[in-house]
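What follows is a short report on a single structure.
The values are calculated or read from the model by the stated rules, or taken from the named source; none is laboratory data. Source: prediction; values computed, not measured. As a convention, Cβ positions derive from the backbone with ideal geometry for all residues, glycine included, and neighbour counts pool all protein chains shown. Only protein heavy atoms, including side chains, enter the accessible area calculation; ligands, DNA and RNA are left aside. Shrake-Rupley method; radii C 1.70, N 1.55, O 1.52, S 1.80 Å.
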Amino acid sequence: MPTQELRGAAVLAGLGAWLPPHVVDNHELSQRLDTSDEWIRTRTGIGQRHIVTPGMSTVDLATEAGRLALRSAGSDRVDALVLATATPDHVCPASAPQVASRLGLNGVAAFDVNAVCSGFVYALATATGLIAAGAADRVLVVGADTFSTLVEPADRGTVPIFGDGAGAVVLRAGTSTELGAIGPFDLHSDGDLADLLVVPAGGAKQRTSDNPSDYFLDMQGTAVFRHASARMAESSRAVLNSAGWTVEEVDSFVGHQANVRILNAVAKQLGVPREDVVVNIERTGNTSAASIPLALTDACVDGTLKAGDKVLLSAFGAGLTWGSTVLRWPELSGVESPHREQRIAQAAAH
């Protein structure tokens with residue numbers, strides 16, 4: 001049976017990512033924490049992470065990534081901006097309107113989505129819904145987080161894991177049979193397990209605390225690993241079934257870059273060959289909502305993703321939240337590396 005063409009689909013039309021210039025490698029961390037390069041790499045696969053410096057914020061990173069995505073799309077016009085972040089510049093207001101303003105998009109609909117590390121997949125689904133409903137023809141979706149601001153500086157269990165960054169895509173209205181069409185989606189949550197990843201203080205439930213640690217992330221790592229591996233695999237199977245794809249058809253699996261062992265565990269459960277798993281966590285750390293668009297950008301720049309490839313995306317985060325989607329990779333131009341040394345090399349080549 002031929003695939004039915006559905007109008008009002010969201011199609012990937014632009015891609016961009018940005019990392020703050022300051023790099024902290026494992027050797028630097030080992031000078032102030034009870035850890036080592038070997039210990040961090042063995043448990044997480046991370047060798048370095050980019051960290052914001054004083055005065056730099058989530059809005060700054062999101063704006064840079066959004067600018068690059070718009071440039072890649074060849075247009076500075078969108079009807080809406082959806083920002084996935086768990087680290088907004090302020091508790092109130094949302095950060096998305098500020099990003100829109102800086103990009104010259106004053107007047108467009110702009111709002112935040114907080115599903116933590118699942119945020120980018122949730123934001124993609126939200127933007128796809130805006131396009132399907134006819135509320136927007138073009139949407140800028142940004143995933144940006146500065147999670148280094150939420151980890152206790154002396155905690156060797158979280159400091160080595162998290163980095164800061166931003167990634168963005170431009171979605172346009174199109175048809176479901178086009179390369180780049182996003183979806184279907186599979187989204188879930190389990191609030192009964194919210195305490196597995198939580199910042200206890202600072203919100204409406206507990207505005208202040210006498211314990212400074214309450215303002216930083218508390219993570220039950222073993223339980224998170226178990227749930228992340230199982231939920232991402234379950235969700236991936238569900239979305240592949242909805243799309244009518246088999247695992248064997250998947251050319252690239254791009255999962256949330258939380259831990260290389262989680263990525264490998266999910267791939268093993270699904271039966272995806274390791275060579276088809278996109279991994280960039282060694283150079284970025286866990287960048288929360290930014291991790292999938294950052295990984296997509298790296299894979300696009302290095303040629304891993306080719307037009308027509310079937311790509312599976314899956315994420316898991318605090319909440320608990322998790323979700324997956326699929327797309328066939330489109331032809332994209334003007335995608336720039338988020339890594340400073342590669343940008344310099346690209347500029348020199350031109």
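Restricting attention to the stretch 281-304, report how many residues are surrounded by fewer than 24 Cβ atoms within 10 Å (Cβ to Cβ) and either free of Cβ contacts under 8 Å to residues at least 60 places away in the same chain or among the aliphatic types (A, V, I, L, M) (or both).
Residues meeting the conditions: 5.
Kindly provide the set of residues from the stretch 207-239 that are in a loop (DSSP other than H, G, I, E, B) and either of a type in the set (D, E, K, R) or touching a Pro at 6+ places or on another chain (Cβ under 6 Å) (or both), ordered by number.
ARG207, ASP210
Output the qualifying pairs, or none if there are none: Cβ atoms under 8 angstrom, residues six or more apart or on different chains, first residue in the stretch 25-37 and touching a residue at least 40 places away in the same chain (Cβ under 8 Å) and hydroxyl-bearing (Ser, Thr, Tyr), second residue open to solvent by 40 Å² or more (accessible area, probe 1.4 Å) and assigned to a loop (DSSP other than H, G, I, E, B).
Once the first residue is touching a residue at least 40 places away in the same chain (Cβ under 8 Å) and hydroxyl-bearing (Ser, Thr, Tyr) and sits in the stretch 25-37, its partners that are open to solvent by 40 Å² or more (accessible area, probe 1.4 Å) and assigned to a loop (DSSP other than H, G, I, E, B) give THR35/ARG156.
Exactly one of these conditions fails for ALA13: (1) surrounded by 14 or more Cβ atoms within 10 Å (Cβ to Cβ); (2) assigned to a loop (DSSP other than H, G, I, E, B); (3) in contact with a Lys or Arg (Cβ under 6 Å, 6 or more places away or on another chain). Give me its number.
Only one criterion in (1) surrounded by 14 or more Cβ atoms within 10 Å (Cβ to Cβ); (2) assigned to a loop (DSSP other than H, G, I, E, B); (3) in contact with a Lys or Arg (Cβ under 6 Å, 6 or more places away or on another chain) is unmet by ALA13, namely (2).
Output the number of the condition that VAL141 fails; it satisfies all remaining conditions of (1) within 16 Å of the chain's Cα centre (by Cα); (2) aliphatic (A, V, I, L, M); (3) within 22 Å of LEU197 (Cβ to Cβ).
Status for VAL141: all satisfied but (3).
Looking at the stretch 310-319, can you tell me whether even one residue there is touching a residue at least 24 places away in the same chain (Cβ under 8 Å), open to solvent by 20 Å² or more (accessible area, probe 1.4 Å) and not in a loop (DSSP other than H, G, I, E, B)?
yes
Could you grab me the full set of residues in the stretch 136-155 that are crowded, with 17+ Cβ neighbours inside 10 Å and polar (S, T, N, Q)?
Result: THR146, SER148.
Among the residues in the stretch 205-224, are any under 23 Å from the mean Cα position of the chain (by Cα), among the polar types (S, T, N, Q) and crowded, with 18+ Cβ neighbours inside 10 Å?
no
Condition test on SER57, is it surrounded by fewer than 24 Cβ atoms within 10 Å (Cβ to Cβ), more than 22 Å from GLY14 (Cβ to Cβ) and small (Gly, Ala, Ser)?
Judged against the criteria, SER57 is a match.
Mind checking whether some residue in the stretch 98-106 is open to solvent by less than 10 Å² (accessible area, probe 1.4 Å), in a strand (DSSP E or B) and β-branched (Val, Ile, Thr)?
For the stretch 98-106, residues open to solvent by less than 10 Å² (accessible area, probe 1.4 Å), in a strand (DSSP E or B) and β-branched (Val, Ile, Thr): absent.
Looking at (1) exposed (fewer than 15 other Cβ atoms within 10 Å of the Cβ); (2) in contact with an Asp or Glu (Cβ under 6 Å, 6 or more places away or on another chain), which is the only condition ALA201 fails?
Exception for ALA201: condition (1).
Take the conditions surrounded by 22 or more Cβ atoms within 10 Å (Cβ to Cβ), out of contact with any Asp or Glu (no Cβ under 6 Å at 6 or more places or on another chain) and not in a strand (DSSP E or B) and apply them to SER242. Does it pass?
No, not satisfied.
Could you go through the stretch 161-181 and let me know if any residue there is open to solvent by 50 Å² or more (accessible area, probe 1.4 Å), in contact with a strand residue (DSSP E or B) (Cβ under 8 Å, 6 or more places away or on another chain) and not in a loop (DSSP other than H, G, I, E, B).
For the stretch 161-181, residues open to solvent by 50 Å² or more (accessible area, probe 1.4 Å), in contact with a strand residue (DSSP E or B) (Cβ under 8 Å, 6 or more places away or on another chain) and not in a loop (DSSP other than H, G, I, E, B): present.
Would you mind stating whether VAL326 is at pLDDT 95 or above, in contact with a helix residue (DSSP H, G or I) (Cβ under 7 Å, 6 or more places away or on another chain) and among the β-branched types (Val, Ile, Thr)?
Taking the combined requirement at face value, the residue satisfies it.
Given (1) surrounded by 16 or more Cβ atoms within 10 Å (Cβ to Cβ); (2) closer than 30 Å to GLY221 by Cα; (3) among the basic types (Lys, Arg), identify the lone condition not met by ARG41.
(1)
Rundown of residues vs (1) among the hydroxyl-bearing types (Ser, Thr, Tyr); (2) surrounded by fewer than 17 Cβ atoms within 10 Å (Cβ to Cβ); (3) in a helix (DSSP H, G or I); (4) out of contact with any strand residue (DSSP E or B) (no Cβ under 6 Å at 6 or more places or on another chain), yes/no style:
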| site | (1), (2), (3), (4) |
| --- | --- |
| LEU263 | no, no, yes, no |
| GLU275 | no, yes, yes, yes |
| LYS306 | no, yes, no, yes |
| VAL335 | no, no, no, no |
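Taking the stretch 245-261 as the search range and keeping residues that are hydrophobic (A, V, I, L, M, F, W, C) and in a loop (DSSP other than H, G, I, E, B), which one is farthest from the chain's Cα centre (by Cα)?
Ranking the qualifying residues of the stretch 245-261, first place goes to TRP245.
Condition first: in contact with a Leu (Cβ under 9 Å, 6 or more places away or on another chain) and open to solvent by 30 Å² or more (accessible area, probe 1.4 Å). Now tell me which residues in the stretch 182-196 satisfy that.
PHE185, HIS188, SER189, ASP190, GLY191, ASP192, LEU193, ALA194
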